[in-house]
């Protein structure tokens, strides 16, 4: 489970009206309770679904949605019209709702009872009617929302509700999430910079910088006993060569990472932060760039971005929230270099040090090598190959006050050859729909070199996240053509220009 896991609920609000009488309304309440119980029992929705009384008037709608907005535990609201629920009574409440919204288009019964169906049954079970009235007003109000259609007991329907729930949690946490930048961003680099005020307006992320001296002071206060205990943890969780532990110089280098981890973790915990950035150009007073330290903090669920890349740190945290409890892992990543052999073209993703071990195929090794950049001492890092399988590679980029989430569906493969002289964590993947289209689509969309890479979640999670956050979304994956991508980008640019 990730650190600072959001403590959320999801509200289930059912719409009806007084026209049908108390007997029908009692049945509506029983049915909606049964749906909530079924959703909670399914095991695919990561947060409790909380039943709320049926709303039948404009005042009841407003009271329910205002209460949802005021409750910090409410990550999102699921609405369902069991009967017909006149949409004008929803306007006031929907205009003040500030929580992610899901319109569940279902009905209690799965099948039409062919021999016995009568008008009483029709009046009670008219979600097909009520949800269309309701959807008209949500569309007319231009609300950010998700829509899931299908029977509530169907596995595919429940899975899609779970996808929305995960995206809703990431959006809701983001509205009060905090990220710390140790130092500034890498000099002269465009994509790691950006408008933090625009991001806070859009996502809620509070991003603030602290001088590296703050971290240096904390490192100096770390006790030898705490360092020894953490080194013991390293030996338990990873492969650590006996020769490294016997070499006093190398062991001291490992302890430097332990001090960094303890110091950064304490800073994040005390400040209630959800992620952080570092920068190899801004390490004054530190002996090493955080490597193993950053990897382990990421594996606990903190977002991370290298070279001051706060947007990617926040995106990685959001992806970790969406993937919490699912198999696989999520990591900061960088598209580093290519293999361009005809018919076998692939991307090698890595970074200098900071790839999360949650994506590792096997138990990582602790190794110490020169960094080759930044002019600091040799840092310890976890070395491993990423697990093979389908994944997503996502980049959050900014165009003034516009944000675009670019997602490439990829297939990670085992390394075709050993790489004994490359002492870093790494992943090798083939972009969908093919190497050329994947790369050209990414470049046309302005995707960055820093990304969030995940084998836990898919493009559907990120699509819902983008929809709820109100940002542009570009998917490059199975079935995508370059013409589709360029047409979509042209439309987005036209809309942005008004």
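The values are calculated or read from the model by the stated rules, or taken from the named source; none is laboratory data. These numbers come from a predicted model, not from an experiment. We place every Cβ from the backbone using ideal geometry, glycine too, and count neighbours over all the protein chains shown.
Yes/no per residue for (1) touching a helix residue (DSSP H, G or I) at 6+ places or on another chain (Cβ under 7 Å); (2) closer than 18 Å to residue 490 by Cα; (3) surrounded by fewer than 20 Cβ atoms within 10 Å (Cβ to Cβ):
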site	(1), (2), (3)
412	no, no, no
420	no, no, yes
440	yes, yes, yes
454	yes, no, no
Checklist outcome for this item: For the range 20-33 the number of residues that are in contact (Cβ under 8 Å) with a residue 24 or more places away in the chain and either in a loop (DSSP other than H, G, I, E, B) or over 24 Å from residue 167 (Cα atoms) (or both) is 7
Next on the checklist: Would you confirm whether or not the range 209-219 contains a residue that is under 20 Å from residue 381 (Cβ atoms) and either in a loop (DSSP other than H, G, I, E, B) or out of contact with any strand residue (DSSP E or B) (no Cβ under 6 Å at 6 or more places or on another chain) (or both)?
Outcome noted: yes
Next on the checklist: Based on this model, can you work out whether residue 136 counts as outside the structural domain of residue 203 (by TED's automatic domain parsing) and part of a loop (DSSP other than H, G, I, E, B)?
Outcome noted: no
Next on the checklist: Could you go through the range 441-464 and let me know if any residue there is over 21 Å from residue 307 (Cβ atoms) and assigned to a strand (DSSP E or B).
Outcome noted: no
Item to check | Test: residue 416 is in the same structural domain as residue 201 (by TED's automatic domain parsing) and either under 21 Å from the mean Cα position of the chain (by Cα) or without any contact (Cβ under 8 Å) to a residue 60 or more places away in the chain (or both) | outcome: no
Next on the checklist: Being over 24 Å from the mean Cα position of the chain (by Cα), surrounded by fewer than 20 Cβ atoms within 10 Å (Cβ to Cβ) and in a loop (DSSP other than H, G, I, E, B) is the filter here; which residues of the range 53-90 pass it?
Outcome noted: 53, 57, 86
Checklist entry - Which one of these is closer than 27 Å to residue 6 by Cβ, assigned by TED's automatic domain parsing to the domain that holds residue 194 and over 18 Å from the mean Cα position of the chain (by Cα): 268, 286, 254? => result 268
Item to check | the range 465-494, subset touching a residue at least 60 places away in the same chain (Cβ under 8 Å) and assigned to a helix (DSSP H, G or I), residue nearest to residue 437 (Cα to Cα) | outcome: 492
Item to check | Index of the failed condition, residue 184 passing every other in (1) buried (at least 23 other Cβ atoms within 10 Å of the Cβ); (2) within 25 Å of the chain's Cα centre (by Cα); (3) more than 25 Å from residue 47 (Cα to Cα) | outcome: (1)
Checklist entry - Is it the case that residue 407 is buried (at least 24 other Cβ atoms within 10 Å of the Cβ) and assigned by TED's automatic domain parsing to the domain that holds residue 461? => result yes
Checklist entry - Which residues, taken from the range 376-396, are buried (at least 21 other Cβ atoms within 10 Å of the Cβ) and within 16 Å of residue 347 (Cα to Cα)? => result 386, 391, 392, 393, 394, 395
Checklist entry - Where residues in the range 352-363 are in a loop (DSSP other than H, G, I, E, B) and surrounded by fewer than 22 Cβ atoms within 10 Å (Cβ to Cβ), which of them is modelled with the lowest pLDDT? => result 352
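Tally time: how many residues in the range 105-129 are over 16 Å from residue 29 (Cα atoms) and either assigned to a helix (DSSP H, G or I) or in contact with a strand residue (DSSP E or B) (Cβ under 9 Å, 6 or more places away or on another chain) (or both)?
Number satisfying all stated conditions: 6.
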